[in-house]
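Student: Before anything else, here's the structure in question.
Throughout, read-outs are computed from the coordinates displayed, never taken from laboratory work. Worth saying up front: this structure is predicted, and the values here are computed from it rather than measured. Cβ: placed from backbone, ideal geometry, glycine included. Neighbour counts: every protein chain shown.
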Amino acid sequence: PQMLRNEGEPVDPQTRPLHPRSLRAMHWTNAIAMIIMIGSGWKIYNDEVLFGWLHFPEWITIGGGPEGALQWHFFAMWILMINGLWYLGYGIITGRFRRKVFPIRPREVLADIRDALRFRLSHDDINRYNAVQRLLYAGIILVIVVQVLSGLAVWKPMQFSELATLFYSFQGARLVHFIGMAAIVAFLVIHVALALIVPKTIGAM
């Protein structure tokens, strides 16, 4: 049987990739940019910690020092912003978000969580996202938007003073940025774990 591509076009899974090339390129660009931002962000954090009990091991940080980490962070930031805007535009224009992510119904989310805990969640059709996946993807997009806003407030608190006000203060923006980072790391761990459970999704992407 034929499967539907993300653009809504029928495709033979034996001869055509499940995901279009442009989407796969955006996916891996986002992944690399996120990893660089997280590693360099940990280095920046270590220079001025929020929590005295928490320091990240040097071997998992990126950047020879605070200045080097900032350069890596800004480099990945612009890549993530440009690629993220392109991804949002792609998802809206092609209708991918409408078909793949929405609607998100709480009843379906709870049902899929129960099935997952019982190891009964079906993975037969990798072209269809279950309710938990839809919630995670919509949630991580929202988190990244907040990360950009809070990051700008931390980077230029005077120039973006209005943004800092949204987070109550400069330290409030730092805290939100840290929590957003933790949410992204958690998403990546869950995302990779689910991909390893269903290895055919890795090849598809």
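Student: Run through all the Cα pairs of segment 24-83 and give the fraction in each 5 Å bin from 0, expressed as whole percent.
Tutor: Reading upward from the zero bin: 4, 22, 27, 20, 15, 8, 4, 1.
Student: Fully extended, how many nm does the chain gain between LEU85 and LYS156 (0.36 nm per residue separation, minus their Cα-Cα distance)?
Tutor: Full extension of this stretch gives 23.5 nm more.
Student: On to the next question. Distance in nm between label sites at ILE113 and ALA138, each 7 Å beyond Cα in the beta-carbon direction?
Tutor: Modelled inter-label distance: 1.5 nm.
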